[in-house]
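Undergrad: Provided herewith is a single structure, encoded as structure tokens, for subsequent inquiry.
Please treat every number below as a calculation from the coordinates, not as lab data. From a predicted model like this one, the values you see are computed outputs, not experimental measurements. All Cβ positions, even for glycine, are placed from backbone atoms using ideal geometry, and neighbour counts span all protein chains on display.
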Amino acid sequence: DAGVIQSPRHEVTEMGQEVTLRCKPISGHNSLFWYRQTMMRGLELLIYFNNNVPIDDSGMPEDRFSAKMPNASFSTLKIQPSEPRDSAVYFCASSLLAGVETQYFGPGTRLLVL
Amino acid sequence: AQSVTQLDSQVPVFEEAPVELRCNYSSSVSVYLFWYVQYPNQGLQLLLKYLSGSTLVKGINGFEAEFNKSQTSFHLRKPSVHISDTAEYFCAVSRSGAGSYQLTFGKGTKLSVIP
């Protein structure tokens, strides 16, 4: 299995631009998570999908952030407009089920907003 | 809500020496506990997890951890480290039970193995 795939691996953009991060979970996994990692705040859960339905988006920082999962094999995290404080590493993870099942992380997208 | 404290942000250790990475958690309910490792420029990978049963949990790469409920700790140990163990290690906690999905991570401990 290829594991969780994220693209792009690196993104440099200017403040105000729209940024779209993409994730392909492991085939057969029903749960998908988006995390953000920063030096100041560590790893934070942004949103959790189960069977393509958003279950918990309480971690999404503000209205500038949105996430979708149109089917079981694809998810996007969009930031519009982007700001310098959004600079972070964004991870996507998937698991067979939520709870005790292991979450498998992708390699992350390193975002820099200038 | 749960919280995790990793007491050391950086731990340098000589190759072939033992290491212990400390993790304490806070929760008013029963928990599951996890240790993840992150190698440079990679995602997190599960080392081991405690769900129930034996308090000593063995994981990959020779690591083990012991759940101590009275001290609310879940310290990670390895008897002899290798250069390849240089990475950042994250302790995480979630509420136990069906449907629980929220992992709360500690800030991480950077392990540097010195040749």
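Undergrad: Can you name the residue in the stretch B:26-37 that is over 11 Å from the mean Cα position of the chain (by Cα) and either farther than 22 Å from B:Ser100 by Cβ or assigned to a strand (DSSP E or B) (or both) and is also farthest from the other protein chains (Cβ to nearest Cβ) among such residues?
TA: Only one residue tops the list, namely B:Ser26.
Let's see how each residue does on (1) under 19 Å from A:Leu96 (Cα atoms); (2) within 14 Å of another protein chain (Cβ to nearest Cβ); (3) not in a helix (DSSP H, G or I):
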position	(1), (2), (3)
A:His29	yes, yes, yes
A:Gln37	no, yes, yes
A:Leu43	no, yes, yes
A:Tyr48	yes, yes, yes
A:Pro54	yes, yes, yes
A:Asp63	no, no, yes
A:Ser66	no, no, yes
A:Ser82	no, no, yes
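Each row is one residue, and each column tells you yes or no for (1) in contact (Cβ under 8 Å) with a residue 12 or more places away in the chain; (2) more than 20 Å from A:Gly42 (Cα to Cα); (3) assigned to a helix (DSSP H, G or I).
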position: B:Gln42; (1), (2), (3): no, no, no
position: B:Leu46; (1), (2), (3): yes, no, no
position: B:Glu66; (1), (2), (3): no, yes, no
position: B:Gln71; (1), (2), (3): yes, yes, no
position: B:His75; (1), (2), (3): yes, no, no
position: B:Val81; (1), (2), (3): yes, yes, no
position: B:Phe90; (1), (2), (3): yes, no, no
position: B:Ser94; (1), (2), (3): yes, no, no
position: B:Ala98; (1), (2), (3): no, yes, no
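Undergrad: Further, regarding this structure: Tell me which residues, restricted to the stretch B:19-44, are within 23 Å of A:Gly3 (Cα to Cα) and surrounded by fewer than 16 Cβ atoms within 10 Å (Cβ to Cβ).
TA: B:Tyr39, B:Pro40, B:Asn41, B:Gln42 - these are the residues of the stretch B:19-44 that are within 23 Å of A:Gly3 (Cα to Cα) and surrounded by fewer than 16 Cβ atoms within 10 Å (Cβ to Cβ).
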